[in-house]
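These notes concern the structure reproduced below.
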Amino acid sequence: MLNRRTFFQSLTAFSWLPFTNATEIRPDSSTWPKPSDPPYWRWIRQQFPIPADEAYFNTGTLGARPQQVIDAVIQHMRENERTIAHYDYRPEHVEYITGYRKYEDLRTKLGALLNAKGREIALVQNATVAISQIANGLDLQAGDEVLITDQEHSGAQGGWDLRAKRYGIVVKKIPIPIPANDPGVILQRFADAITPRTRVIAVPHITSKYGIVLPVRQLCALGQQHSLFTLVDGAQAVGQLPVDVQEIGCDAYASSPHKWLFAPPGNGLLYVREARMKDVWATIASGNWDNYKSEDGIFRLMQFGTGNLSNLIGLEAGLEFHQSIGSARCFQRIAELSQRLRAGLQQIKGVTIFSPVNSALACSIVNYGVDKVEGTRLMDELWRRKKIRVRAQGGMAVRQTSHIYNSPAEIDATLEIVAQLAKA
Ligand SMILES: Cc1ncc(COP(=O)(O)O)c(C=O)c1O
């Protein structure tokens, strides 16, 4: 069995670290147990510093990070402090802060994950910042309409509401049925809401509260038919399921890799399709706010001044952790765990699942409740009895999101407690 020491012995350096003799921090997955080995997922779980007797099921709010990501960030910060006097800010020399350079290498790697070009990616702080940049950056007139859902996270809605209050655009909130089990109904509601004044469709790929996977490809195709700008909020999608922005056909896509991609909190990304880049003004402006050079892409949308480069080191380490396991293996594991939870809950009398059960709309975010049991009580009982952390969500429900650091045994323990509470 590999231990952390063996693991870290095999590491190699990031190409863009600001110092040359850094301890090595890149995982070499050839030293990992084989995925076919029964202990594989147990070993993966051991990479996370969450105590072994605690089960973390709130990735929907904030994902957990493996030790190697934490180490990469801390080590980078330490080295930055130790060597700061070497920092001369010459463009050809290493960088100690974000906010001023292009990070083409990392943008290219993230782009590859989404089937986009590096220049189509801006590194920002989170999905809220990414979405606000689109809501603020498009040329819209008073009376122009933006279609969103009635299931938006506040970070995806605020930018549009602000623009409505300040400049008079009209934000239409299309109701999504709960539970949602028919993509056709959702699509039809959007189609019916389009008028000659509609300019934008902005929808979540996966809704925050109920985990509804919206038919984003069809919604973007609908938007395209009407020459609308289409934005997809993928805060909950990147790292949870395959995301291919070409296939989705959106003009812009936002995400928060600190949820499903093991990145430290405060990492976000924005994709804008090359053909649409000219349509988005910068909101936060520094030296390159007006840089429309095609090779720089949307570098002008990452002009936020001094930021924390160690956080970006962590983002790259998180991406590499995901890739060392393999995207397909991660997605499959996540889907299997949540399906086990859904299937188990469906067997328990007195349990209602508010999330989709139709596989076309279902994902790893499962929102459910037990008759006559307050959501906060269900949350607290799961923690008190087996240290299972879910999130209470409104009156009578909790939200349980399974990631690769969860296990079938943790799901089964959840089901056992839920069954006891449903019987009581
Ligand atoms: C669907 C969705 N969009 C946007 C956000 C906002 O993410 P962040 O706080 O990382 O900007 C969240 C957060 O939970 C979310 O679930």
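The values are calculated or read from the model by the stated rules, or taken from the named source; none is laboratory data. Since we're looking at a predicted model, the values are computed, not measured. With ideal geometry, Cβ positions are generated from the backbone for all residues, glycine too; neighbour counts draw on all protein chains shown. Side chains included, ligands, DNA and RNA excluded: accessible areas come from the protein's heavy atoms. Shrake-Rupley method; radii C 1.70, N 1.55, O 1.52, S 1.80 Å.
Name the shape class, rounded, prolate or oblate, that the alpha-carbon gyration tensor gives for the stretch 97-316, where a ≥ b ≥ c are the square roots of its eigenvalues, rounded holds for a/c under 1.5, and otherwise prolate holds if a/b is larger than b/c and oblate otherwise. Prolate is the answer for the stretch 97-316, as a/c is 1.5 or above and a/b outweighs b/c. Counting only DSSP beta bridges with both residues in the stretch 97-316, the antiparallel share comes to about 40 percent. If only the Cβ of Lys and Arg carry +1 and only the Cβ of Asp and Glu carry -1, the dipole of the stretch 26-131 around its Cα centre is close to 260 debye. Take every DSSP beta bridge whose two residues both sit in the chain; close to 55 percent of them are antiparallel. Per residue, the solvent-accessible area of the chain (1.4 Å probe, heavy atoms of protein chains only, all protein chains present) comes to 42 Å². In this structure, the residue pairs whose Cα-Cα separation is over 28 Å, taken from K172/K372; K209/K372; K259/K387; K172/K278; K102/K165, are K172/K372; K102/K165. The longest stretch of the chain left intact once loop-based chymotrypsin sites (Phe, Trp or Tyr not before Pro) with at most 12 other Cβ atoms within 10 Å are removed from consideration, loops following DSSP, is 90-291. The residue list N311, V245, I97 was ranked by how far each Cα lies along the charge dipole of the stretch 97-316 toward its positive end, using unit charges on Cβ atoms, and I97 comes out on top. Across the accessible surface of the chain, with the other protein chains kept in place and a 1.4 Å probe, carbon and sulfur atoms take up 52 percent. For the chain, the extents of the C-alpha atoms along the principal axes are 68, 62, 32 Å, listed from largest to smallest. In loop segments of the stretch 325-392 as defined by DSSP, the trypsin sites (Lys or Arg not before Pro) with at most 12 further C-beta atoms inside 10 Å of their C-beta are K349, K372.
Calculated FRET efficiency, D371 to K34, Cβ-Cβ distance, R0 = 51 Å: about 0.70 to the nearest 0.05.
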